[in-house]
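I'd like to ask you about the structure that follows.
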Amino acid sequence: MAASKHDHKKDDHHHQHKSAWFQFIKSIATFKGDLTSITAPPFLLAPQSIVEYSTYWAEHPSLFVAPAKEESPEKRALSVLQWFLSTLKHQHATKDDDGKRKKLKPLNPFLGEIFLGEWVDDAGTTKMVSEQVSHHPPATAFRIWNDRHGVQLEGHVAPKAYFSTTINIERKGYSILRINRFDEDHIITMPKTHVEGIATFRIAPELSGTSYIRSSSGYTSRIDYSSKGWFKGESNSFIASIYRGNDERNPLYVLEGNWSGGYTIKEGKGKTLKTVDLASLRRTPLQVASVKDQHPLESRRAWQHVVTAINDNDILAVGHEKGKIENQQRALRKEEKAVGKVWERRYFTHATEDPVTERIRKACGSTADVVGEDDMIWKFDEDKYRKTIMDLSGPLKSPPLERSDSGVALTDELDTETAQA
């Protein structure tokens, strides 16, 4: 049976994309510096900004608040670990909910870009604020909280990408999960990511290295990640252990399996307590204001025309719309520099120290730095938040825009230039 014109066109697109991909890899292989500053081919661009990635932390609100219900600090540590593992699958998935292969490269947020939303389910209302607090180097700060259960997550992620055999991504920064009822904090670091499947064009992110969750109650969760090698191993594998203080040789729990599929929980080095099927977890949909009601700094409004062009596979339109935002940003930074002005963050404030990290270091008896090297500390500012959000009528309604407040357009009018940003 003869192939249809549609099939031929699909094959042509595939070959063009494959050729462009290898040209891209060739160009970055000799690039010295952070790859996040490199412009990726349009076919690699995801119709989503990195500032939206904060969403992955709380897509299962019942797991997010579950530690607040545990009386035992040991079981709370286990509950926090299980919640964390539930956040990895969709964040690093190669396909979306419809089975369509996801694009590799999310959009780089502009300074001041924000993303607001909330989840409403049996756990009550869980709210989220995410903001791009730095552009050079890039860093996203976020806060997620559920008032009913007294649980808050606050943190910042500063990704840095480099090429060494493949594309590697380090995610500097850390998050703190706070449980009010027990006056307890848990510090969370993220694993490294690298891209597999470059040679076969079946691009997939894989986790590697080690990450930790350390609590002020003295418990530590260590998660070691591994991937499929040439002769053995399985993709997306991990083994995690929970131990008290520095007693790593005598784990209280051991979790082992696949962060994209499922895992088992064992009591120490003994019997299996439970098997968890991550694929059976159902995500609570995030509620976000409609694009027309969003603030010009909100991600989906700011990038709407770029996203449309990406979805339409219109390479010229992607470059044109993306360029408009980037040029507006450069113009704004130049204007700020000329008058000696510093961009005011909307919801977060830069801090020089974080007392929670020292508290946890002492509780865990660790001589190592519990958060690694991190000279950027961004703390959620309640006063700023109340000023822009709490006095508004709707929970998801955006704050008013001042003339110099937008990083996308220098006007508060919904004119053509702003709408196209």
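Name every residue in the range 347-358 that is assigned to a helix (DSSP H, G or I) and either without any contact (Cβ under 8 Å) to a residue 12 or more places away in the chain or open to solvent by 90 Å² or more (accessible area, probe 1.4 Å) (or both), in order of residue number.
Matches in the range 347-358: P355, E358.
Quick one: which residue in D97, D122 is over 17 Å from the mean Cα position of the chain (by Cα), closer than 29 Å to N313 by Cβ and open to solvent by 50 Å² or more (accessible area, probe 1.4 Å)?
Of D97, D122, the one residue that is over 17 Å from the mean Cα position of the chain (by Cα), closer than 29 Å to N313 by Cβ and open to solvent by 50 Å² or more (accessible area, probe 1.4 Å) is D97.
Name every residue in the range 270-288 that is under 27 Å from K105 (Cβ atoms), among the hydrophobic types (A, V, I, L, M, F, W, C) and either open to solvent by 80 Å² or more (accessible area, probe 1.4 Å) or modelled with pLDDT under 95 (or both), in order of residue number.
Passing the criteria: L278, A279, L281.
Right, next: Hey, could you check the range 279-294 for residues that are part of a loop (DSSP other than H, G, I, E, B) and small (G, A, S) and say which is nearest to Y212 (Cα to Cα)?
Here the residue is A289.
Still on this structure, I have one more. When both residues are 6+ apart or on different chains and their Cβ atoms are under 6 Å apart, which pairs have a first residue that lies in the range 81-104 and is among the hydroxyl-bearing types (S, T, Y) and assigned to a loop (DSSP other than H, G, I, E, B), and a second that is at pLDDT 90 or above and buried (at least 20 other Cβ atoms within 10 Å of the Cβ)?
T87/W57
Would you confirm whether any residue within the range 294-301 is at pLDDT 95 or above, over 23 Å from I377 (Cα atoms) and within 23 Å of the chain's Cα centre (by Cα)?
yes
Evaluate the following for S227: is it more than 24 Å from F64 (Cβ to Cβ), open to solvent by 50 Å² or more (accessible area, probe 1.4 Å) and of a type in the set (S, T, N, Q)?
No.
In the range 75-85, is there at least one residue being among the small types (G, A, S) and over 19 Å from the mean Cα position of the chain (by Cα)?
Among the residues of the range 75-85, at least one is among the small types (G, A, S) and over 19 Å from the mean Cα position of the chain (by Cα), which makes the answer yes.
If you check L45 against the conditions, is it touching a helix residue (DSSP H, G or I) at 6+ places or on another chain (Cβ under 9 Å), at pLDDT below 70 and more than 19 Å from W119 (Cβ to Cβ)?
no
Does F115 meet the test of being of a type in the set (F, W, Y), open to solvent by 10 Å² or more (accessible area, probe 1.4 Å) and touching a residue at least 60 places away in the same chain (Cβ under 8 Å)?
no
A further question follows. Scan the range 247-278 residue by residue and report those that are part of a loop (DSSP other than H, G, I, E, B) and closer than 23 Å to C364 by Cα.
Matches in the range 247-278: D247, E248, R249, N250, P251, L252, G268, K269.
Given (1) in contact (Cβ under 8 Å) with a residue 24 or more places away in the chain; (2) open to solvent by 10 Å² or more (accessible area, probe 1.4 Å), identify the lone condition not met by I187.
(2)
The rows are residues; the columns are (1) in contact with a Lys or Arg (Cβ under 8 Å, 6 or more places away or on another chain); (2) among the hydroxyl-bearing types (S, T, Y); (3) open to solvent by less than 30 Å² (accessible area, probe 1.4 Å).
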{"position": "M128", "(1), (2), (3)": "yes, no, yes"}
{"position": "I144", "(1), (2), (3)": "yes, no, yes"}
{"position": "S175", "(1), (2), (3)": "no, yes, yes"}
{"position": "G197", "(1), (2), (3)": "no, no, yes"}
{"position": "S216", "(1), (2), (3)": "yes, yes, yes"}
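The values are calculated or read from the model by the stated rules, or taken from the named source; none is laboratory data. Quick caveat: nothing in here was measured; it's all calculated off a predicted structure. All Cβ positions, even for glycine, are placed from backbone atoms using ideal geometry, and neighbour counts span all protein chains on display. When the accessible area is computed, the model is the full protein with side chains, heavy atoms only, and any ligands, DNA or RNA have been set aside. Shrake-Rupley method; radii C 1.70, N 1.55, O 1.52, S 1.80 Å.
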